[in-house]
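Bear in mind that the values in this text are calculations on the coordinates, not laboratory data. No experiment lies behind these values; they were computed from the predicted model shown. Every residue, glycine as well, gets a Cβ built from its backbone with ideal geometry; the counts of neighbours run over all protein chains shown.
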Amino acid sequence: MKSITYKLAHFVASGIYAVCVSSSMPAEIGEELWSFQTGDAVFASPTLDSAGNIYFGSVDGKFYSIDAEGNERWSVQTGDWVESTAALSSDESVVYFGSWDNNLYALNTESGAQDWIFQTGSLIFSSPAVADDGTIFVGGADGLVYAISADGALQWSSFLGGELDSSIAISPSGHLYVGTTEGFIYALDIHTGEEIWSFEIPVEPGAIGRVTSIVSSCALDGSGKLYFGSSNYFVYALNTGDGTLAWNFETGAEVESSPTISIDGNVLISSQDGLLYSLSPEGSLVWSVDIGENYYAAAAVDEVGRIYVSSYISDTLSYLNLLSPDGAILQRIAFDNVIDSSVALSPDGRLYVGNNDGKLYAFSNGSRLSNSVWPKFRANLSGRGSIQGYTAPIPNKERIYNISARGTPAGGENDIIAGFSIIGGGEKSLLARAVGPGLEDFGVSDFLEDPIVRFYDGGGQFGANDDWNQSASAGVLASEMARLGAFALDEGSTNSADLLTLIQGVYTAIVSNNGSESGIALIEVYNADEDDSEASLSNVSMRGLVGTGDEVLIAGFVIEGNLPKRVLLRAIGSGLIDFGVTGALTDPTLRLFRDQSVIETNDDWDAHPEKNQLEAFMTSAGAFDLEEGSGDSALFAWLEPGLYTAIVAGKNDQTGIALVELYDLTGN
């Protein structure tokens, strides 16, 4: 946490976000960057390596590698269609894929040179899985599962029957799971291929006569369940330990697409009834939305929980759909051909998808793939279909860790005001700093020369500091700043800092100008606990004067833990007038950044595409009401652990006082 603490301080202190606002990616599917033409339909889903290179096959029988700008690196001709989604070796030196010519290929990722070819007894539709030890597992239309060593030698094979159109998934413990067209799910020993258990799809009430074939590939939640769909209209959840049924859910038509897992742990799966379903881990319907038929493409989930999935309307119209985590359709991009390929999201915020028109498309997007356990087809960008070694995170450890705000205190209502709540039992140790001269090292020349920080609770002012090194605890302050990863403050500087020990309650820290020339200052509040305290920071607000250029209001915070946290962010200007604030910013805009990439924006809360949900979250969080037409801004988002920054600026360079608020919605 020390390194991310320093990074937060660096970004907010330097105002690096303020200069990149105008060039940031929109928080949606953006413009088409390029398309790469193959000789026939692209059914396969793109696989990405860490350098951004893309690997995929085509019905033209070729397998391609192209770079992030759409330039061909190399291509290899096979003997038939390539529908199999590729998988990379752990060191990314070899790429594996199957072909309808009955062969599993291993190619060098740099040159496309053939490492080896393994011939099976029939065509390969499914995608290979790669274990941590380098063993490759693939199922064929001959009903066999093959285990092949990294040098291309057969280790074992196991006959399951039917066709294996379903791709193999590898569990944290190393077991293999695969479905067959005869309606069975098998769990196999990874070393021998021996059956551990099998589950046969039963004849469900009301489903007599329906085919029980399984084309859908299993998704694993890492906590003991696997999910898949069947042609009998049902979605199933099995316990991975013994293969017993956990639950089933009936849709309105065949389910041949593969499930993925949303940012909040729900199962996402499409049915040919035209609906995308979100099902809870216990099997109840969370929501469903009509997007149009989907045959094979799986949903992909980005880092704030948005969902990308294709749908078929007619032979001349398909959509790439962008949905909110709650199932609202936010955007649709039309194609004049069918999309059977599943979406891949790159770490640098690009979206890739194949199309039956023979092209692989690249779009600007701005968001990377979620870190959830199974957020896309084949689990991850490398396509290995494995979560071997995965440990399920401990829930309820997520919290707001550190906060900071940069602004220009100008006295009275124009000072920087940070408010926060302490929740939970016991005491909370905090380091609070008001930095002016310390910003010079970050390229800020017009810094506040002499900031002072004062602390308040319900009983009034209870503490203050002016010039940290004049404090009797200066030595302790210096060592704590170093321990917590805060950037050093020069001895003799007029920056201010103090150590606080607080209990549950509501607190305010105010940074003022102590008689010097006006300038930019930074307020920071660090978690200083040495152990895992039950007390934590909760709802946070920061108020200050919003100027133009570098003098916009910048608020930073860290989400700590293992799982995502849902938050509400608001940028309020006109809404402050009812509280007696004069000079309020009349039309604030709000942008949320992860590192230097914008991941969500809002200008006018009542224009939010999920306005009703936003209002409900504001009510449940206990936030004061905002009037329609006020110009205030708000958004809500799932945020994975990491560093975030919110920028409040005036529309059309307006200036004035604004308030940025951060509410924890987890559990709401």
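For each pair in Lys359/Lys565; Lys62/Lys376; Lys225/Lys359, compute the distance between the two Cα atoms and list the pairs where it is over 29 Å. From Lys359/Lys565; Lys62/Lys376; Lys225/Lys359, over 29 Å: Lys359/Lys565; Lys225/Lys359. The range 476-495 and the range 161-219 have Cα centres separated by 59 Å. For Val215, the residues 5 or more places off, or on other chains, whose built amide H falls under 5 Å of its own are Ser231.
Cβ-to-Cβ counts within 10 Å put Asp664, Asp457, Asp531 in ascending order as Asp531, Asp457, Asp664, the fewest first. Multiplying the residue separation of Glu92 and Glu628 by 0.36 nm and subtracting their alpha-carbon distance yields 187.7 nm. Under 12 Å of direct C-alpha separation, and excluding same-chain neighbours fewer than eight residues apart, Lys651 reaches these aspartates and glutamates: Asp587, Asp603, Asp604, Asp632. Under the simplified labelling scheme, the Ala464-Ser149 pair shows an inter-label distance of 7.7 nm, with each label point 7 Å from Cα along Cα→Cβ. Legend: ranking of residues Asp60, Asp165 from fewest to most surrounding C-beta atoms inside 10 Å; resulting order Asp60, Asp165. Label separation (Asn612 vs Asn652): 3.3 nm, computed from points 7 Å beyond Cα along the C-beta direction.
So if I take the centroid of the Cα atoms in the range 29-83 and the same for the range 403-448, what is the distance between those two points in Å? Cα centres, the range 29-83 to the range 403-448: 49 Å. With contacts taken as Cα pairs under 8 Å and at least 6 residues apart, the range 38-364 reaches a relative contact order of 11 percent. Sorting Thr582, Thr38 from the fewest to the most surrounding beta carbons within 10 angstrom yields Thr582, Thr38. Distance between the C-alpha centres of the range 377-396 and the range 504-548: 37 Å, rounded to the whole angstrom. Which label marks the calculated value of volume of the Cα convex hull per residue in Å³, given the options [x] 218; [y] 491; [z] 160? So the calculated entry is the one marked [z]. 3J(HN,Hα) couplings calculated from phi for the range 569-577 with the Karplus curve 6.51 cos²θ - 1.76 cosθ + 1.60 (θ = phi - 60°) are, in sequence order, 10, 9, 10, 10, x, 4, x, 7, 4 Hz; Gly and Pro show x.
If you plug the beta carbon distance of Ala51 and Ala478 into 1/(1 + (r/R0)^6) with R0 = 51 Å, you get a FRET efficiency near 0.75.
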